[in-house]
Structure formats: C-alpha cells, structure tokens
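Inspection log for the structure reproduced underneath, given as structure tokens.
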Amino acid sequence: MRKKKLQNESIRLIFGKKIRRLRRDLDWTQEKLAEQAGMHATYIGQIERGQRNVSLDMIASLAKALNCRPELFFEDVDLDKIKIKSRKKKKT
C-alpha cells in the first residue's frame, strides 16, 4: 500500500483521518475505541472529523488504546503543506 502524503488540510483533520483508519484496521467501532481509550464515542467522532483540538494526554490515550506509538499519527504529515490554525492574540 502506497502512503499518500496529506496536504492542504488542517492538522486536526489529518489526525482524525489517521485515527479513523487505525480504528477501522482493527475493525473497531467508535464506541469500542472510546471504551478502550476512556473517552466518549461522541468525542471520538469529533476527533475523526477534525472538530477537536486533541490534548497530548488524549493523544497518548488513543495511542495506548490503538497499541501504537503516538508518532504514527503524524508520520505522513508535511508541515510545509498543511493548514495550521493559529491562535489569536488577546488584546491587553
């Protein structure tokens, strides 16, 4: 299977697609992954759709549940070609 370089997508969506692929490779439902990772199934769905900015703790929980190293989630990412949502600076 040829690895496809992901580009012009948000890092959240790329991450979510990777989680979905790994979950499906295990033939797991979102509910099963949520149970294994200690999360709610709704949250897993939001991650997979790129709607959540996942914390490092959640990334570690997902990696443990999926029995993989966290860097696997980002192996196809080309930082020069993705959209990174910047945080707006607060006015003081």
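For the reader, a short list of remarks on this structure follows.
- Meets criteria (of a type in the set (A, V, I, L, M, F, W, C) and not in a loop (DSSP other than H, G, I, E, B)) for LEU62: yes
- Residue match in the stretch 32-41 (condition: in contact with a Leu (Cβ under 9 Å, 6 or more places away or on another chain), modelled with pLDDT of 95 or more and under 12 Å from ILE14 (Cα atoms)): no
- Odd one out for GLU9 among (1) within 13 Å of the chain's Cα centre (by Cα); (2) surrounded by fewer than 17 Cβ atoms within 10 Å (Cβ to Cβ); (3) at pLDDT 95 or above: (3)
- Residue identified as surrounded by 13 or more Cβ atoms within 10 Å (Cβ to Cβ), among the small types (Gly, Ala, Ser) and in contact with a strand residue (DSSP E or B) (Cβ under 8 Å, 6 or more places away or on another chain) among GLY45, GLY16, GLY50: GLY50
- Qualifying residue in the stretch 71-85 (condition: at pLDDT 95 or above, of a type in the set (Val, Ile, Thr) and outside any loop (DSSP other than H, G, I, E, B)): no
The values are calculated or read from the model by the stated rules, or taken from the named source; none is laboratory data. All values reported here derive from a predicted model rather than from experimental measurement. No Cβ is skipped: glycine too gets one built from the backbone with ideal geometry, and neighbour counts run over all protein chains shown.
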